[in-house]
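Data block below; observations after.
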Amino acid sequence: MSPARRLGPQALARAALTYLAEPGDPALGALLEVCEPAEVLAAIKAGTLPMIGAGALLATGSAPADSPARRRALEAAFGRWRLRSPWLPDDTGLADGRGDGIRLVCPADPQWPGQLDELGTARPYALWLRGQADLRQACLRSVSMVGSRAATGYGAHVAGEIAADLGERGWTVISGGAYGIDAAAHRGALVTGAVTIAVLACGVDYPYPAGHADLFATIAEHGLVISEWPPGRQPARLRFLVRNRTIAALSCGTVIVEAGERSGALNTARHAAQLGKPLMAVPGPVTSAQSAGCHRIIREWGATCVTRADHIIEMLSPLGTPETLPATGAGTATATGATPPSGSPEPAAGDAPPSRDELDTDSARVLDALPARGAAGTSTIAAEAGVDLDTVLRCLGMLAGSGFIERCDRGWRLRKA
């Protein structure tokens, strides 16, 4: 008996819910926080709200007067899900996944990546997988690399080279399987025999774009093709934007290689920033509209400028090691004009610098977030300290002025006594 046929009732219910609701549906996400999946599925089939779950949801909110509106919204959601009931396979069809080599991974399964739980109620209900790699293990050291579909030769070359270098060092490359930068990133990783993951906005058995059918087959042999949508589901414009949050959440950090001002890759970048993940971007020619989005997130969002795999590994491994972090080389940059210039100021003569015990809470957190050895970029420090970028920039300036830290070519480091 295949592993798929051993799905328990809760896993079968989650599989069914991927057919009935669009990923990221806030109503279903909230229900699954307070109800078992099988209870929600039974309620949908019966056309009635689950007693415990609906009551818990309606009891929340800013005022009791909200309850009728909230009930109507919940009933409308149930109506949407019931409309898809004819699409729902029977239990045998759900267990088989409608195709060889397709399997289901659910929250709390051994292969479920814990970082997806950071999405809260927007967490995937389940993931359909094509391929034999261990999803959780593959994501432990992973980088999301996305960019423009209409990539230039420069962008495709850079994406392929960086992905190959990351793959050689044991990092998984995650992307969306699209033309352009996505494809270059996948192929760069495959050249080195590394694991790469394609996150689709359709079923894992539906090759989109069709020209990448062979690429997806190769990825499935060496890595994984995954989706929140069930087998057979076709792509739609909005589904690409919904999919992007999963690309950002799965990895340790996100790199935008080439993106215009209106590129969908910036949507992935926004999700990464909201999740507190390190956000990086590869600069391009200042005359290139295809790199305008990269320059914008470096300038305005505090993304770190990276030009090679070493920079990315440094950002994602703040305690770095000598073999992965060379002593010399091009440095990284953070938001232009947002941080003090290179060569941090000394404390003013005659001023007694504050001790650690005298620091405010945010500054103490930022100082604790700096690695004991090596350096870290602004985004990494913010994520480690659990504060926003504006706060971390303010604290870094104060800590540098007080002599605790200093700027270096790789970001910020503790100042030697």
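The values are calculated or read from the model by the stated rules, or taken from the named source; none is laboratory data. Computed from a prediction, not measured in an experiment: that's the story for all the values here. Counting neighbours? That spans all protein chains shown, and the Cβs are built from the backbone with ideal geometry, glycine included. With ligands, DNA and RNA removed, areas are computed over all heavy atoms of the protein, side chains included. Shrake-Rupley method; radii C 1.70, N 1.55, O 1.52, S 1.80 Å.
Where the centre of each part is set by its Cα atoms, how far does the stretch 238-309 sit from the stretch 189-208, in angstrom?
Here the answer is 20 Å between Cα centres.
Whole-Hz ³J(HN,Hα) for each residue in the stretch 382-393, computed from phi via Karplus 6.51 cos²θ - 1.76 cosθ + 1.60 with θ = phi - 60°, x for glycine and proline: what do you get?
Once rounded to whole Hz, the list reads 4, 5, 5, 7, x, 10, 7, 5, 4, 5, 5, 5.
Once phi is turned into θ = phi - 60°, what whole-Hz ³J(HN,Hα) does the Karplus curve with 6.51, -1.76 and 1.60 give for every residue of the stretch 304-317, x standing for Gly and Pro?
8, 6, 10, 10, 7, 4, 3, 5, 5, 4, 4, 5, 8, 10
Consider a paramagnetic label point 7 Å from the Cα of residue 236 along Cα→Cβ; state which residues of the stretch 11-41 have an amide N under 15 Å from it.
Within reach of a label on residue 236, which here means backbone N under 15 Å from a point 7 Å along Cα→Cβ, the stretch 11-41 contributes 18-26.
Using r as the Cβ-Cβ distance of residue 168 and residue 222, and R0 as 22 Å, what FRET efficiency do you calculate, to the nearest 0.05? Please list the in-between numbers first.
Values: r = 14 Å, r/R0 = 0.64.
The formula returns an efficiency of 0.95 here.
Amide H of residue 174 versus every other amide H placed in the peptide plane: which residues, excluding those fewer than 5 positions away on the same chain, fall under 5 Å?
Residues meeting the criterion, in which the H sits 1.01 Å from N, are 143, 144, 145, 197.
Once amide H atoms are built 1.01 Å from N in the peptide plane, which residues 5 or more positions from residue 411, or in another chain, come under 5 Å H to H?
332
Output needed for the stretch 203-248: three equivalent-ellipsoid semi-axes, defined as square roots of 5 times the C-alpha gyration tensor eigenvalues, in descending order, whole Å.
Values: eigenvalues 64, 32, 19 Å².
Its equivalent ellipsoid spans semi-axes of 18, 13, 10 Å.
For the stretch 193-248, with all protein chains present and a 1.4 Å probe, just round the carbon and sulfur fraction of the accessible area to a whole percent.
54
Gain in length, residue 150 to residue 275, computed as 0.36 nm per residue apart minus the alpha-carbon separation, to one decimal in nm?
That pair, residue 150 and residue 275, stretches by 42.3 nm at full extension.
Could you work out how much longer the chain between residue 132 and residue 414 gets when fully extended? Use 0.36 nm per residue separation minus the Cα distance between them, nm to one decimal.
Details: separation 282, 0.36 × 282 = 101.52 nm, distance 4.29 nm.
Contour length minus the Cα-Cα distance gives 97.2 nm.
Would you please classify the overall shape of the stretch 232-296 from the alpha carbon gyration tensor, given that a ≥ b ≥ c denote the square roots of the eigenvalues, rounded means a/c under 1.5, and beyond that prolate means a/b larger than b/c while oblate covers the rest? Can you show the working numbers first?
Details: a/c = 2.70, a/b = 1.37, b/c = 1.96.
It comes out oblate by the Cα gyration axes.
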